[in-house]
Amino acid sequence: MENVGLADLFSTLTYSVVIATSVFILDDLFIDLIALIKRLRPLAISKQTLQLMKQMDQKSIAIMIANWKEAEVIGPMIRGNIRGIDYHNYKFFLGVYPNDTATWEEAARLEKLYPDKVTVVVNSEPGPTSKGQMLNEIARQILESEKQTGKRMDLFLLQDSEDVLHPHAFSLLNYFSREADFIQIPVFSFDVPKTSLVGGVYIDEFSESHTKDLLVRQALGAAIPSAGVGTCISREFVKAMMLRQEGQLMKEDTLTEDYHLGITAKPMGFKSRFVCAQLVDENGGREFIATREYFPNKFTASVRQKSRWTLGIAYQGLANLQWSGGLTDRYFLLRDRKGPACSVLTVLSLVVLLGMISLQMVDGEIPPLLRTDFFSVLLSFNALAMFLRIMQRMSAVNRVNDFSQAAMVPVRWLVANAVNVLASLKAHLQYRESVKTGKRPVWIKTEHQMPAHFGMELSEVEVQVK
């Protein structure tokens, strides 16, 4: 009797897991289907079109970079990007903390080296506060300095201290700023060794998200979230947000202030645009105009970073944004927040798999409820759909990187699940702790790195400054 009860309980759990998996898979297949039906692809830009973009009047662009202990990377980042950017009317604003003297000194040296391109903004508070607070400090000081300098900034660009900017990104943003107040361009990981399974997960996820998912989101008229970098916003949007949030451009009580910014643009009446563009040369070669960077390549660092994303989007996002917008917006909010549920389902799927193996080893047979035709159809559907999902991701990675990286997707899929499960658990515990204590989680630093030799060669002017 007891064995019968356990068998029924296990059968019910198995059915629930398989059906829930089918629902989550249908969600992803819906995105694939929309992309297929609407034939969504990156925008192809010829060299002739690029030249026309470059002939437009250049709006002034303020690149805001929040720094906390970034002394080792901020120098190469600024030097390398200034040498590579094919645009003139821009300026970097480097936010530093008064108690982070190493970063402050390096930023000051860069300001002396590039007085027309770099300005240091010293936070009024010691660090670390939050990234949102630092960006707010930068935005306020930019607007205040305009009264003295008379130099007005038209566009505000969010970037990080480890980013490599595409030479033509500013021309692209300048062009599309005519029609949108919020613009997001793709963010991709640099190529990493095939043995770097954790680092490779970011190649897979951003390739699929930024060459398909966000295109679907835009095609269906949903709000476009910010990726935190490669995000360009108009002066009008900046001032409207600061008026709405009592002087704050970025919401400071969330770890994903960038996501909150993007989702808020649409209900405020500002037009958003995701611009996924590729330069096409005479031979048909394609190059994405995107921000590229290295992401964490160690398991614990990745869990820490993704727990911050999960906490900010799934937990704090629900508290701050709730279920705002129309049906389409609510659907994508649900997709954004399903991470913890997916992690629970992953763990339960593993429990079911181990249970099935145990039953085979002990009893030699499967419970009757799990031998029905309906259950077989569900399993077959999930298996086929999962295969299609992996193929979709491989296609995206091949589009952004190459086939050798795409071939690693099935292996990295397993690693991604392990990272996401632990990140969801960590995020849940952090959120419970913050609710209990009333203290918001602080800005947790991620170790950054730049590509080898990027921005490292010294010009004669730099040698003189040294």
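In terms of the Cα gyration tensor, with a ≥ b ≥ c the square roots of its eigenvalues, is the range 395-453 rounded because a/c is under 1.5, prolate because a/b exceeds b/c, or oblate? It is oblate, given that a/c is not under 1.5 and a/b is not larger than b/c.
Tell me which aspartates and glutamates have Cα within less than 13 Å of residue 38's Cα, excluding those fewer than 8 residues away on the same chain? List returned: 213. For residue 277, the residues whose amide H sits under 5 Å from its own are 43, 289, ignoring neighbours fewer than 5 places away on the same chain, with H placed 1.01 Å from N. Based on protein heavy atoms only, the chain ends up with 47 Å² per residue of surface accessible to a 1.4 Å probe. Between helix 327-336 and the chain there is an angle of about 80 degrees, using the helix long axis and the longest principal axis of the Cα atoms. Karplus-based coupling profile of the range 401-413, in residue order and whole Hz: 10, 7, 5, 4, 6, 4, 5, 8, 4, x, 6, 5, 4, with θ = phi - 60° in 6.51 cos²θ - 1.76 cosθ + 1.60 and x standing for Gly or Pro. Here the sum of -39500 (n - 2.57) over DSSP H runs of 4 or more residues, divided by the residues of the chain, equals -17500 deg cm²/dmol at 222 nm, to the nearest 500.
Of the whole protein surface, residue 335 contributes about 40 Å² of accessible area at a 1.4 Å probe radius. Across the range 293-424, the mean sequence separation of Cα contacts (distance under 8 Å, 6 or more residues apart), normalised by length, yields a relative contact order of 41 percent. A probe of 1.4 angstrom, applied to the heavy atoms of all protein chains, finds residue 178 with accessible area near 140 square angstrom. As a ratio to 2.2 N^0.38 Å, the alpha-carbon radius of gyration for the range 1-76 is 2.38. Residue by residue, the range 9-18 carries 3J(HN,Hα) couplings of 5, 5, 4, 5, 4, 4, 4, 4, 5, 5 Hz when phi is fed to the Karplus relation 6.51 cos²θ - 1.76 cosθ + 1.60 (θ = phi - 60°); x denotes Gly or Pro.
Ordering 229, 122 by how much accessible area each has at a 1.4 Å probe, largest first, what is the list? Before the final figure, lay out each step's value.
Details: 229 5, 122 45 Å².
Ranking 229, 122 by accessible area, largest first, yields 122, 229.
Could you tell me the calculated FRET efficiency between residue 413 and residue 89, based on Cβ-Cβ distance and R0 = 51 angstrom, to the nearest 0.05? Before the final figure, lay out the partial values.
Values: r = 44 Å, r/R0 = 0.86.
FRET efficiency, residue 413 to residue 89: 0.70.
In the range 22-144, Cα pairs under 8 Å separated by at least six residues give a relative contact order of 24 percent. Structural descriptor for the chain: relative contact order 22 percent, calculated from alpha carbon pairs under 8 angstrom and at least 6 residues apart. Could you give the angle, 0 to 90 degrees to the nearest 10, between helix 339-362's Cα long axis and the longest principal axis of the Cα atoms of the chain? In the chain, helix 339-362 runs at an angle near 30 degrees to the longest axis. Counting only Cα atoms, the chain measures 83, 58, 44 Å along its principal axes, largest extent leading.
Please return the longest stretch of the chain lacking exposed loop sites, where GluC sites (Glu not before Pro) count only if DSSP places them in a loop and at most 11 other Cβ atoms lie within 10 Å. Walk me through the numbers before you get to the answer.
Working: sites that count: 179, 246, 282, 365, 457.
Segment 1-178 is the longest.
For the pairs 271/338; 212/266; 117/251; 251/271; 54/112; 212/338, note any where the Cα-Cα span goes beyond 24 Å.
Values: 271/338 26 Å; 212/266 20 Å; 117/251 27 Å; 251/271 20 Å; 54/112 29 Å; 212/338 18 Å.
The answer is 271/338; 117/251; 54/112.
Each residue was assigned an accessible area with a 1.4 Å probe, and for residue 279 the value is about 20 Å².
What FRET efficiency do you get for residue 366 and residue 395 if R0 is 35 Å and r is their Cβ-Cβ distance, rounded to the nearest 0.05?
Numbers: r = 35 Å, r/R0 = 1.01.
E between residue 366 and residue 395, to the nearest 0.05, is 0.50.
Surface composition of the chain: carbon and sulfur atoms hold 59% of the protein heavy-atom accessible area at a 1.4 Å probe.
Using a ≥ b ≥ c from the Cα gyration tensor of the range 88-207 (square roots of the eigenvalues), is it rounded, prolate or oblate, where a/c under 1.5 gives rounded and otherwise the larger of a/b and b/c decides, a/b for prolate? The shape class here is oblate. Identify all lysines with a Cα-Cα distance to residue 194 below 23 Å; exclude those on the same chain that are fewer than 8 residues away in sequence. In chain and number order, the partners are 298, 306.
The values are calculated or read from the model by the stated rules, or taken from the named source; none is laboratory data. Everything numeric here is computed off the predicted structure, so don't read it as measured data. A quick note on method: Cβ atoms are made from the backbone with ideal geometry, for glycine too, and the neighbour counts reach across all protein chains shown. Heads up: the accessible areas ignore ligands, DNA and RNA and are worked out on the full protein's heavy atoms, side chains in. Shrake-Rupley method; radii C 1.70, N 1.55, O 1.52, S 1.80 Å.
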